[in-house]
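The values are calculated or read from the model by the stated rules, or taken from the named source; none is laboratory data. Here the structure is a predicted model, which is why all the values come from computation and not from measurement. Side chains included, ligands, DNA and RNA excluded: accessible areas come from the protein's heavy atoms. Shrake-Rupley method; radii C 1.70, N 1.55, O 1.52, S 1.80 Å.
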Amino acid sequence: MITATATETSGLKADYNLRYVWLISIVAAMGGLLFGWDWVVIGGAKPFFQRYFELRSESQIGWANSCALIGCLVGALVAGALSDRFGASDF
């Protein structure tokens with residue numbers, strides 16, 4: 001079995017595309033930001049859809065909030081699939 005020592009590997013340079021790493025990092029950060037924004041928007045809309053749909057119990061209100069988040073997930077998946085199918089491929 002051949003192993004490299006620390007002095008042998010210290011001269012190796014990592015081979016990665018810094019622009020690609022930044023792109024992936026920004027996309028991940030925006031995903032987190034938008035996920036938090038969805039929570040705020042749904043929380044702000046809660047009193048309105050609670051009154052409109054006449055939700056009385058805590059379980060009904062929780063179910064409505066959960067359905068809104070599931071709708072966000074499904075919408076993102078559908079938008080991603082449509083973007084892959086019909087979008088431009090510059091990469």
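Viscosity 0.692 mPa s, temperature 37 °C: give me the Stokes-Einstein translational D for the stretch 14-73 in µm²/s, with Rh taken as the Kirkwood radius over C-alpha pairs. Don't skip to the answer; put the middle values down first.
Working: Rh = 13.7 Å.
D = 239 µm²/s.
Per residue, how many Å² of accessible area does the stretch 14-89 show with a 1.4 Å probe?
Accessible surface, normalised per residue, equals 85 Å².
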